[in-house]
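See structure below.
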Amino acid sequence: MAFDVIIGAQWGDEGKAKIIDFLGKNADGIVRYQGGANAGHTVILDGKKFVFHLIPSGILNPEVKCFIGNGVVFDIEEFFKELEQLENFGIDYRGRIMVSYQAHLIMPYHKRMDILREEERKEKIGTTKRGIGPCYSDKFSRFGIRVGDIFSSNLKERIETNLERINYLLSNYYKKEQMDVDEVFDFIEGYKEKLRPFVGNTVYALNSMLKNNKNIIAEGAQGLGLDIDFGTYPFVTSSNPSIGGAITGTGINPFYVNKVYGIAKAYTTRVGAGPFPTELFDKIGDYLQKEGGEFGATTGRPRRCGWLDLFMLKYSTLVNGFTDIVLTKIDVLDGLKEINICIGYEYNGSTLNEFPFSSEVLENVKPIYKSFRGWERTKGIKDFNQLPVNAKDYIKFIEDYLEASVSIISTGPDRNDTIVR
């Protein structure tokens, strides 16, 4: 019996899906614990590319059961698009997917409001406009509609109550056309019977598996830098990708936690707006973007690229208590003559001892770098001893700085391009 948690250690897009797929071969269940269809998890298996936004990428392992936990905001339309993708690739998912009754539904009006709220901001936060923020807002203000509510007799009445508020804003503040109650109700009602076989009580199902000595992996979306509490606020997501979210988003108590894997790229990326101290605006930044295929799986937006920020990663390790670091995309650095790692920040002439909570401060820090010699090739290597000496030195420095073991190294996009130490 084990409950392992996989967390993005940077600003998301670290390659969690590949690692979840890789580790999932030893798991009995995989549960997604927060976020929504604003996150894209990409897996390449036998040359085929799979992109998941809601369903855990472990669905590609035929013996694994997949759960969408109560902490997720559930896009019903996207869910059935992903099922269609699985069918097209011949993946049998029958009896292997359960969606929590308690997950909150993203409604059509959430997406409408997400677009309008972002447009009115003077300083854009880079939302994916998938309705995530407005859905979480309704959840915490107790206007939310949960997956299980699809089957209740008062669904239309609740939609009507919510649209009274939304339509008032649309007409009087945004000067936009109102939304029709019947159209919204019919849209959700149209999925009711299709969804019924997938819905269940994930809290009991997950805990029952653990009590019966099954192994479960919890996967989050985004990363610590986008956590609503610990990230670079306000340029964050609307949930907790950090370790706390894994507990509240699944109903599994913390005493079950075994390993906590922090997934980090061998460099750093960020998509959307917000501070990024090690961002590169030169040909090396362009090289990382091109060689790493750094374009968002959900929006297609180009990711901003920079050197590995160990100072930020140290903070992430502190908050999440990583037992293991998984280093991905080290092969993207192949061929560079010199590689830098950020080991601290300077602000107003002083060296900072703590990662700053203020985005305004973070926008104005100067990264302190340590330089390393590059290496020729790591791509496709599956044995740590076969890595170039300089790549080993790079990894050793990361371990010493973070005081955590780099136990898995990804040397390419395919499932098998992986070193386990």
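The values are calculated or read from the model by the stated rules, or taken from the named source; none is laboratory data. Please read all numbers here as calculations on a predicted model, not as lab measurements. Cβ: placed from backbone, ideal geometry, glycine included. Neighbour counts: every protein chain shown.
Which condition breaks for PHE322 when tested against (1) within 21 Å of ASN240 (Cβ to Cβ); (2) surrounded by 18 or more Cβ atoms within 10 Å (Cβ to Cβ); (3) in contact with a helix residue (DSSP H, G or I) (Cβ under 7 Å, 6 or more places away or on another chain)? Failing condition for PHE322: (3). Reported count of residues in segment 196-248, each being under 21 Å from VAL260 (Cα atoms), assigned to a strand (DSSP E or B) and of a type in the set (A, V, I, L, M), is 3. Answer yes if at least one residue in segment 174-193 is touching a residue at least 24 places away in the same chain (Cβ under 8 Å) and small (Gly, Ala, Ser), and no otherwise. No, segment 174-193 contains no residue that is touching a residue at least 24 places away in the same chain (Cβ under 8 Å) and small (Gly, Ala, Ser).
Against the list (1) surrounded by fewer than 23 Cβ atoms within 10 Å (Cβ to Cβ); (2) over 16 Å from the mean Cα position of the chain (by Cα), the condition GLY15 fails is (2). On the stretch given as segment 237-264, residues that are surrounded by fewer than 24 Cβ atoms within 10 Å (Cβ to Cβ) and in contact with a Gly (Cβ under 8 Å, 6 or more places away or on another chain) total 5.
Counting only strands (runs of 3 or more DSSP E) wholly contained in segment 344-421, the ones carrying 1 or more residues that are free of Cβ contacts under 8 Å to residues at least 40 places away in the same chain and either in the same structural domain as THR268 (by TED's automatic domain parsing) or closer than 14 Å to THR328 by Cβ (or both) occupy 366-373, 418-420. For segment 275-294, filtering for residues that are closer than 30 Å to GLY244 by Cβ and either at pLDDT below 95 or surrounded by 18 or more Cβ atoms within 10 Å (Cβ to Cβ) (or both) leaves 6.
Within segment 113-159, the residues that satisfy the criterion of being more than 22 Å from the chain's Cα centre (by Cα) and either buried (at least 19 other Cβ atoms within 10 Å of the Cβ) or aromatic (Phe, Trp, Tyr) (or both) are MET113, PHE143, GLY144, ILE145, ILE150, PHE151, ILE159. Hey, among the residues in segment 300-314 that are assigned to a loop (DSSP other than H, G, I, E, B) and of a type in the set (Lys, Arg), which one's nearest to VAL332 (Cα to Cα)? The residue in question is ARG303. Counting only strands (runs of 3 or more DSSP E) that sit wholly inside segment 1-71, those with at least 3 residues that are modelled with pLDDT of 95 or more are 2-8, 29-32, 65-68.
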